Amino acid sequence: MHPPLTTRQVAFVLGISEASLKRWCDRGVLPSARTVGGHRRLPVHGVVEFARSRGFPLAHPEVLGLPPQAGRGHAVVDRGRLDLRRALLAGDEEVFRRLAFDPWLAGQPLAEVLERGVVPALDGLGLDVLHGVAEIYQERRAIEICLRFLHEVRGLLPPPADDAPLAIGGSAEHDPYLLPAAMVDLCLREAGWRTQALGIGIPLSSLCAAVEAVRPDLFWLSVSAAPDREALVAGWAELQERAVALGTATVVGGRALDAALRPRMAATAMPIGLSGLQAWVRELGPSRIPG
Ligand code: B12
């Protein structure tokens with residue numbers, strides 16, 4: 001959690017006068033609260049949300065802990081894709097952060113930034129490893145860089161409302177992939193949901209126990225690797241049945257859900273990708289979650 005900022009700090013971040021900023025606060029353009037002494041304080045996520053929703057470039061993003069110049073590069077994700085791949089390959093975290101933050105700060109939904117920028121960059125890196133032009137350590141280092149970026153974005157999102165719907169989920173046993181699960185969790189959070197990421201490689205019986213104990217509005221499963229399809233299908237069927245009984249909606253997705261596996265995994269929805277997931281939950285709205 002970032003500490004709230006003073007009007008002076010935010011005026012500097014936005015490159016405007018403190019007097020203008022105070023007027024904007026009073027008009028509710030930017031969220032602010034008063035200290036006991038009557039001074040205005042602004043949450044970092046409110047400043048970020050303001051910049052993203054209005055396409056307002058940050059004059060000094062570094063004050064928010066963001067890379068200097070962030071938000072001033074490519075607003076269109078596709079343009080930075082090759083550079084993202086190069087940065088990941090080289091382990092250049094600063095360049096990667098700037099390239100990934102640019103479109104997000106320019107207002108692109110996170111799902112777009114990830115699916116059109118970061119994920120294809122990782123695809124490329126996977127091919128580099130496959131063809132022997134990149135080392136395994138470079139791939140693992142790239143995953144670490146991406147995880148830290150996702151964590152950073154999480155800290156910049158507005159906290160979900162206390163009564164926001166709750167989603168929990170993770171991946172099943174023998175599925176070691178960290179990023180898909182982290183991305184699903186974050187995209188639901190960006191859509192305003194409360195989330196509890198359970199982690200990866202969890203037996204389906206234990207995921208089912210989580211559904212029973214937490215009773216979330218939504219349970220999601222990411223399937224990136226499914227070495228034992230029959231066990232996955234059987235374990236999921238049990239979880240799905242329990243979820244239906246408890247009024248919990250379910251979604252499944254992931255690269256291992258091919259044409260043969262998809263029809264065998266009954267779920268409330270199988271959105272295509274993270275953008276599809278965000279669109280689906282936004283369409284649902286908080287009060288229309290199907291059981
Ligand atoms: C990093 C990596 C690994 C790492 C993972 C590290 C970690 N702890 O996370 C490790 C070392 C485990 C690994 C191992 C292997 N890997 Co690997 N790996 C990758 C790599 C480079 C990146 C994967 C990644 O995280 N991508 C980012 C995620 C977010 O993208 P995604 O999986 O496409 O997910 C998207 C969607 O599926 C969707 N989604 C995912 N979950 C959900 C859930 C819901 C609800 C919804 C709506 C959507 C959704 O949203 C995501 C964003 O678009 C890929 C390359 C690639 N093309 O992805 C290869 C890749 C997946 N691996 C591959 C292979 C072959 C292997 C190994 C067999 C290698 C080996 N010989 O040992 C093993 C198998 C491991 C296993 N148990 O299955 C192949 C798979 C080929 C195939 N067709 O099956 C790939 C494609 C590389 C390649 N080009 O050959 N790998």
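Nothing in this text is a laboratory measurement; each read-out follows from the coordinates by a stated rule. Given the structure is predicted, the values throughout are model-derived calculations rather than measurements. Here the Cβ is made from the backbone with ideal geometry for all residues, glycine too, and neighbour counts use every protein chain on show.
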Note to self: Quick one: 3J(HN,Hα) in Hz for region 192-197, Karplus 6.51/-1.76/1.60 with θ = phi - 60°, rounded, Gly and Pro as x.
What the structure shows: x, 8, 7, 9, 9, 6
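Using a 10 Å cut-off around each Cβ, can you sort Ser171, Ser205 from fewest to most neighbouring Cβ atoms?
Working: Ser171 27, Ser205 12.
Arranged by neighbour count, lowest to highest, Ser171, Ser205 become Ser205, Ser171.
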Checklist line | Point-to-point label distance, Ile136-Ala59, nm (Cα→Cβ direction, 7 Å offset) | finding: 5.1
Next item on the list: Kindly state, to the nearest 0.05, the FRET efficiency for Ala209 paired with His151, given R0 = 35 Å and r defined as their beta-carbon distance.
Entry: 0.85
Next item on the list: Name the long-range amide H neighbours of Gly71: under 5 Å, sequence gap of 5 or more, or other chain; modelled H, no Pro or chain starts.
Entry: Asp102
Notebook entry, point to check: Quick one: length gained pulling Asp228 to Thr35 fully straight, 0.36 nm per residue minus the C-alpha distance?
Noted result: 63.8 nm
Next item on the list: Answer with one residue from Phe219, Trp24, Leu64: the one whose Cα lies farthest towards the positive end of the charge dipole of the chain, charges on Cβ with Lys, Arg +1 and Asp, Glu -1.
Entry: Trp24
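Taking the Cα centre of the chain as origin and charging only Cβ (+1 Lys, Arg; -1 Asp, Glu), how large is the dipole, in debye to the nearest 20? Don't skip to the answer; put the middle values down first.
Numbers: 31 positive and 32 negative charges, 247 e Å.
I would put it at about 1180 debye.
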Check: So what's the back-of-envelope 222 nm ellipticity for the chain, counting only DSSP H runs of four-plus at -39500 (n - 2.57) apiece and dividing by all residues, rounded to 500?
Finding: -15000 deg cm²/dmol
Next item on the list: Can you grab the distance from the C-alpha centre of region 31-55 to the C-alpha centre of region 227-266, Å, no decimals?
Entry: 42
Checklist line | Under the Karplus curve 6.51 cos²θ - 1.76 cosθ + 1.60, θ = phi - 60°, whole-Hz ³J(HN,Hα) for region 10-17, x wherever Gly or Pro sits | finding: 5, 4, 5, 4, 8, x, 10, 6
Check: Around Ala134, which amide H atoms from residues at least 5 apart in sequence, or from another chain, sit under 5 Å from its own amide H, with H modelled in the peptide plane?
Finding: Val129
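Would you order Phe96, Phe149 from fewest to most other beta-carbon atoms within 10 Å of each residue's own beta-carbon? Please report the intermediate quantities before stating the final value.
Details: Phe96 27, Phe149 21.
If I rank by nearby Cβ atoms, fewest first, I get Phe149, Phe96.
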Next item on the list: May I have the extent of the alpha carbons of the chain along their three principal axes, as whole Å values ordered from largest to smallest?
Entry: 64, 49, 26
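Which order results if Tyr137, Tyr177 are arranged by neighbouring Cβ count within 10 Å, fewest first?
Values: Tyr137 10, Tyr177 18.
Listing Tyr137, Tyr177 from fewest to most nearby Cβ atoms yields Tyr137, Tyr177.
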Check: Treating the beta-carbon of each Lys and Arg as +1 and of each Asp and Glu as -1, no other charges, what is the dipole magnitude of region 5-62 about its Cα centre, to the nearest 20 debye?
Finding: 180
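Taking the Cα centre of region 84-209 as origin, work out the dipole magnitude from +1 charges on Lys and Arg Cβ and -1 charges on Asp and Glu Cβ, in debye rounded to 20.
Details: 11 positive and 18 negative charges, 27 e Å.
So the dipole magnitude of region 84-209 works out to roughly 140 debye.
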Next item on the list: Could you pull out every residue, at least 5 positions away or on a different chain, whose amide H is within less than 5 Å of the one on Leu30? Hs are placed 1.01 Å off N in the peptide plane, and Pro or chain starts have none.
Entry: Cys25
Item checked: Nearest-0.05 FRET efficiency for Ala279 and Ala237, computed from C-beta distance (R0 25 Å) -> 0.40
Notebook entry, point to check: From the phi of every residue in region 238-244, what ³J(HN,Hα) in whole Hz does the Karplus formula 6.51 cos²θ - 1.76 cosθ + 1.60 yield, where θ is phi - 60° and glycine or proline is x?
Noted result: 5, 5, 4, 4, 5, 4, 4
Checklist line | Inter-label distance, nm, simple model (7 Å from Cα along the C-beta direction), Ile143/Ala19 | finding: 5.6
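Residues with beta-carbon under 15 Å from that of Arg41, excluding Arg41: net charge, scoring Lys, Arg +1 and Asp, Glu -1? The partial results should precede the final answer.
Numbers: positive: Arg8, Lys22, Arg34, Arg40; negative: Glu18, Asp26.
Residues near Arg41 contribute +2 overall.
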